[in-house]
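Below is one structure, written out as structure tokens; the observations come after it.
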Amino acid sequence: MTDKSGNLVLGDKKVDLPVKSGSIGPDVIDIGTLYKQTGAFTYDPGFTSTASCESKITYIDGDAGILLHRGYPIEQLAEQGDFLETCYLLLYGELPTAAQKKDFDHRVTMHTMVHEQMSRFFTGFRRDAHPMAVMVGTVGALSAFYHDSTDITDPHQRMVASLRMIAKMPTIAAMAYKYHIGQPFVYPQNDLDYASNFLRMCFAVPCEEYKVNPVLARAMDRIFILHADHEQNASTSTVRLAGSSGANPFACIAAGIACLWGPAHGGANEAALNMLQEIGTVDKIPEYIARAKDKNDPFRLMGFGHRVYKNYDPRAKIMQKTTHEVLAELGHKDDPLLQVAMELEKIALTDEYFIEKKLYPNIDFYSGITLKAMGFPTTMFTVLFALARTVGWIAQWAEMIEDPQQRIGRPRQLYTGEPQRDYVPLSKR
Ligand code: SDX
């Protein structure tokens with residue numbers, strides 16, 4: 001039991017645990033001395049009640065459905081700014097002036113090419129390799145380059161590595177897509193903005209001029225903003241833990257990509273679209289809702305539920321609006337998948353099971369439909385999530401490196417294995 005002043009009574013021991021308050025959000029109980037004082041660990045396998053660090057980057061209020069980046073609501077950033085402005089904000093902590101924005105955009109643009117020999121890493125993969133497997137491998141390979149920006153103790157080199165990661169992810173993601181479909185790589189074009197450049201690298205072919213659709217470019221840019229950062233989610237925590245040992249920053253990002261790939265995390269947008277395709281028609285929805293409720297059925301409604309949001313994911317609302325814009329622009333507003341998605345959302349939001357468990361649509365529920373309409377195969381959805389989340393990973397990584405309290409992350413455990421026993425020679429077994 002912990003009383004208000006942070007005292008913990010454990011059997012006959014009473015320990016004083018400092019309680020720290022942030023600027024907003026829940027207090028934390030500092031248990032750093034708990035083991036020394038009591039000989040006991042805390043136990044929280046999914047980290048549902050554990051703050052792993054102090055951070056100034058992103059704040060989420062899951063009950064109120066609030067998401068702030070450096071204090072600015074995601075709705076305002078997505079409606080009024082662009083992705084590189086959000087990148088600047090996450091990295092530097094303030095919105096850029098016009099001059100700072102121009103300089104930052106230029107610095108990112110000047111890093112969009114990759115070393116030419118990077119293209120050889122792709123040829124080692126089968127064409128049908130999942131693009132996320134390719135991303136883990138090729139982004140990890142970046143750690144073999146750029147020896148001038150891997151001294152993580154040097155703030156300048158940390159910023160150069162951050163810019164390189166943000167700038168090169170679209171190029172590498174587009175290369176993964178082009179390799180997957182057997183088309184030639186398309187080089188970045190410096191006179192295009194970030195999202196337009198990415199769309200062109202994905203969809204341009206050498207045989208004809210590629211015209212960027214401004215509605216799709218704006219939608220792509222907004223999708224990047226919505227996925228930029230999200231507090232201490234699984235993949236960000238992976239990047240922080242990998243970085244806490246002093247590992248190469250590019251290798252840490254590759255670790256984050258690996259974690260994001262899982263269907264419970266960033267892989268949910270691909271899984272959500274596959275689920276909508278499996279449901280197929282509106283009349284099949286009740287059967288799947290019943291399966292989602294069935295304790296004995298492992299099926300879950302992909303794109304629903306969230307560890308933190310017990311209210312509507314604020315990103316999902318903006319994503320839904322973007323979905324309608326894109327489908328209208330492309331003439332797919334009667335897309336059968338959207339009909340199934342809208343009906344599924346309506347039913348789930350009125351069903352007592354989902355209300356009681358606070359299972360609302362999350363960002364992945366709508367992003368899949370939008371990306372499919374834009375021409376991306378489902379296997380590319382999580383790649384786009386990783387592209388956007390790179391800025392969040394690298395900003396959180398840099399914050400961890402600069403944190404004076406930072407030390408290597410090394411959790412303990414509750415051991416339930418065999419107590420010590422002696423070896424039995426083979427002849428006696
Ligand atoms: C992302 O952390 C982040 O911020 C992640 C993210 C980011 O930007 O980084 O927001 C991105 O990963 C979004 C989440 C995408 N994942 C999915 O859409 C997959 C489907 N959702 C679930 O797998 C689940 O909701 C999680 C993984 C998202 C959250 O899991 P929790 O917090 O561990 O919750 P839980 O699995 O313990 O579920 C609580 C209850 C359970 O029922 P009981 O055992 O209490 O009876 O709700 C049920 C679950 O069975 N439940 C669902 C459900 N999700 C949870 N039932 C049906 N369908 C679902 N989708």
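A few remarks follow.
- Residue among VAL391, VAL205, VAL383 with the largest mean-square fluctuation in a Gaussian network model of the chain, springs linking Cα atoms under 10 Å: VAL205
- Residues in region 35-47 carry Karplus couplings, in order, of 5, 5, 7, 10, x, 10, 9, 8, 9, 7, x, x, 6 Hz; the curve used is 6.51 cos²θ - 1.76 cosθ + 1.60 with θ = phi - 60°, and Gly or Pro positions show x.
- Carbon plus sulfur fraction of accessible area for region 79-405, probe 1.4 Å, in percent: 55
- Put the Cα centre of region 369-429 next to the Cα centre of region 37-109 and the gap is 20 Å.
- Put simply, the amide H of PHE304, placed in the peptide plane, has neighbours under 5 Å in ASN362, leaving out anything fewer than 5 places away on its chain.
- Residue of ASN190, ASN296, ASN213 that the Gaussian network model of the chain assigns the largest fluctuation, springs spanning Cα pairs under 10 Å: ASN296
- Long pairs among LYS333/LYS372; LYS284/LYS317; LYS56/LYS357; LYS168/LYS317; LYS310/LYS372; LYS293/LYS357, criterion Cα-Cα beyond 21 Å: LYS284/LYS317; LYS56/LYS357; LYS168/LYS317; LYS310/LYS372
- Candidates PRO298, PRO314, PRO361, ranked by Gaussian network fluctuation over the chain, Cα under 10 Å, top entry: PRO298
- Estimated FRET transfer efficiency when R0 is 25 angstrom, pair ASP154-LYS101 (beta carbons, to 0.05): 0.50
- Across region 6-20, computed HN-Hα scalar couplings (Karplus, 6.51 cos²θ - 1.76 cosθ + 1.60, θ = phi - 60°) run x, 8, 10, 9, 10, x, 8, 9, 10, 10, 9, 10, x, 10, 9 Hz from first to last residue, x flagging Gly and Pro.
- Extension gain for the segment LYS428 to VAL28, taken as residue separation times 0.36 nm less the Cα-Cα distance, is 138.6 nm to one decimal.
- For the chain, the Kirkwood hydrodynamic radius from C-alpha pairs, put into Stokes-Einstein at 20 °C and a viscosity of 1.002 mPa s, yields a diffusion coefficient of 92 µm² per second.
- Dipole-positive endmost among ILE318, ALA388, ILE408 within region 312-429 (Cβ charges, Cα centre): ILE408
- Restricting region 1-110 to chymotrypsin sites (Phe, Trp or Tyr not before Pro) in coil, as DSSP defines it, with at most 16 other Cβ within 10 Å: PHE41, TYR43, PHE47
- Near the amide H of LEU10, within less than 5 Å, lie the amide hydrogens of VAL15, all on another chain or at least 5 residues away, with H placed in the peptide plane.
- ARG70 long-range amide H proximity, modeled H, under 5 Å: THR58, TYR59
- Applying the Karplus relation 6.51 cos²θ - 1.76 cosθ + 1.60 with θ = phi - 60° to region 250-260 yields 3J(HN,Hα) values of 5, 5, 5, 5, 4, 5, x, 4, 4, 5, 4 Hz, where x marks Gly and Pro.
- Pairwise FRET efficiency - ASP403 versus ASP191, Cβ, R0 = 56 Å, nearest 0.05: 0.90
- Helix-only [θ]222 nm of the chain, DSSP H runs n ≥ 4, -39500 (n - 2.57) each, per residue, nearest 500: -15500 deg cm²/dmol
- Only protein atoms count toward the accessible area here, which uses a 1.4 Å probe; on region 5-51, the carbon and sulfur part of that area reaches 56 percent.
- For the residues THR150, THR322, THR48, THR416, a 1.4 Å probe over the protein chains yields an accessible-area ranking, largest first, of THR416, THR48, THR150, THR322.
The values are calculated or read from the model by the stated rules, or taken from the named source; none is laboratory data. All of these numbers come straight from a predicted model, not from anything done at the bench. Glycine gets a Cβ as well: all are built from the backbone with ideal geometry, and neighbour counts include every protein chain shown. Heads up: the accessible areas ignore ligands, DNA and RNA and are worked out on the full protein's heavy atoms, side chains in. Shrake-Rupley method; radii C 1.70, N 1.55, O 1.52, S 1.80 Å.
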